[in-house]
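S.K.: Mind looking over this structure? Questions follow.
The values are calculated or read from the model by the stated rules, or taken from the named source; none is laboratory data. Please read these numbers as outputs of a predicted model, since none were measured by experiment. No Cβ is skipped: glycine too gets one built from the backbone with ideal geometry, and neighbour counts run over all protein chains shown. Ligands, DNA and RNA are stripped out before the accessible areas are found, and what is left, the full protein with its side chains, is counted by its heavy atoms. Shrake-Rupley method; radii C 1.70, N 1.55, O 1.52, S 1.80 Å.
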Amino acid sequence: MRRSNVIVAEIHQLLREMVRPGITTMDLERVAEEETLKRGAVPAFKGYSGYPYCLCTSVNEEVVHGMPSEKKVLQEGDILSVDFGVLLDGYFGDAAITHPVGSISEEAAKLVKVTEESLGKAIEACKVGNRLYDISHAVQSHVEKEGFSVVRDFVGHGIGQELHEAPQVPNFGDPGMGPRLKAGMVLAIEPMINIGGHGVRVLEDGWTAITTDGSLSAHFEHSIAITDNGPYVLSRL
Ligand code: CO
């Protein structure tokens, strides 16, 4: 799982260097596919439940599962969430990052920062003996303290020989609840955070989820192994 996640992280790094006003989300898709195959891995999302691309590219009020498009030209001030996973030798890796496009508003920058911080708090809660919803609570309490809201309709997940395994990992919940964390578990934790309300709806394309109030949304994800020596962030270089 470390090896599949290193590939995910390397490709995220390449994509980060490409993000700027004027490129399209399809430019990112092409590079992601080529670099995945070059490394002997298989894109994890393409073909999953009929999803047609390697990447999910969600811009501004798009929360998750935005689809790469030749028509989607990034503009200065946008925020772009890139979600990407691969399969290598039978094991999955999965991670997501929200990038600023050029210079962005103070409010957008705060959203991106708080969302990334909330994933950091979640990772700190990935300790043997803690309970699953300690992770959820760590995200929710940080985000709500900063005045943002946690998306309810999409959650993180276990990951391993399948992209999505039990348990579901909500980004909201009560501390001290849920199953105990054990060494050897691997979780993909992925807070999706909105500036406005937590409501989302899926567009007619059947995939793209947007905020119901049109507010900006950010998304960060890591695949994390629970070990006796603490959390091991598999998808970080
Ligand atoms: Co995921």
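S.K.: Please compute the length gained on full extension between Thr227 and Lys38, using 0.36 nm multiplied by the number of residues separating them and subtracting their Cα-Cα distance.
M.R.: That pair, Thr227 and Lys38, stretches by 64.9 nm at full extension.
S.K.: In addition: First compute the accessible area of the range 13-124 with a 1.4 Å probe, then give the percent of it belonging to carbon and sulfur atoms.
M.R.: C and S fraction of accessible area: 50 percent.
S.K.: Let me ask another. If ligands, DNA and RNA are left out, what is the accessible area of Lys38 with a 1.4 Å probe, given in Å² to the nearest 10?
M.R.: Its heavy atoms expose roughly 140 Å² to the probe.
S.K.: Working from the alpha-carbon coordinates of the chain, get Rg over Rh, Rh being the Kirkwood radius.
M.R.: Numbers: Rg = 16.6 Å, Rh = 17.5 Å.
Ratio of gyration radius to Kirkwood radius: 0.94.
S.K.: Count the net charge of all other residues whose Cβ sits under 14 Å from the Cβ of Tyr51, scoring Lys and Arg as +1 and Asp and Glu as -1.
M.R.: -4
S.K.: Follow-up question, since we're still on this one. Based on the mean of other Cβ atoms within 10 Å per residue, sort peptides 78-88, 101-111 so the most packed one is first.
M.R.: Working: 78-88: 24.5, 101-111: 14.9.
In decreasing order of mean packing, 78-88, 101-111 become 78-88, 101-111.
S.K.: Please work out how many pairs of lysine residues in the range 2-233 are eight or more positions apart (or on different chains) and have Cα atoms closer than 25 angstrom.
M.R.: Count of close lysine pairs: 14.
S.K.: Of Tyr232, Val151, Asn60, which is farthest along the charge dipole of the chain in the positive direction, counting Lys and Arg as +1 and Asp and Glu as -1 at C-beta?
M.R.: Checking the options against the dipole of the chain, the answer is Tyr232.
S.K.: Roughly how many whole Å is it from the C-alpha centroid of the range 150-211 to that of the range 67-88?
M.R.: The range 150-211 and the range 67-88 have Cα centres spaced 20 Å from each other.
S.K.: Hey, can you rank 133-143, 203-213 by average C-beta count inside 10 Å, highest first?
M.R.: 133-143, 203-213
S.K.: With +1 assigned to the C-beta of every Lys and Arg and -1 to the C-beta of every Asp and Glu, and no other charges, what is the dipole magnitude of the chain about the Cα centre in debye, to the nearest 20?
M.R.: My answer is approximately 620 debye.
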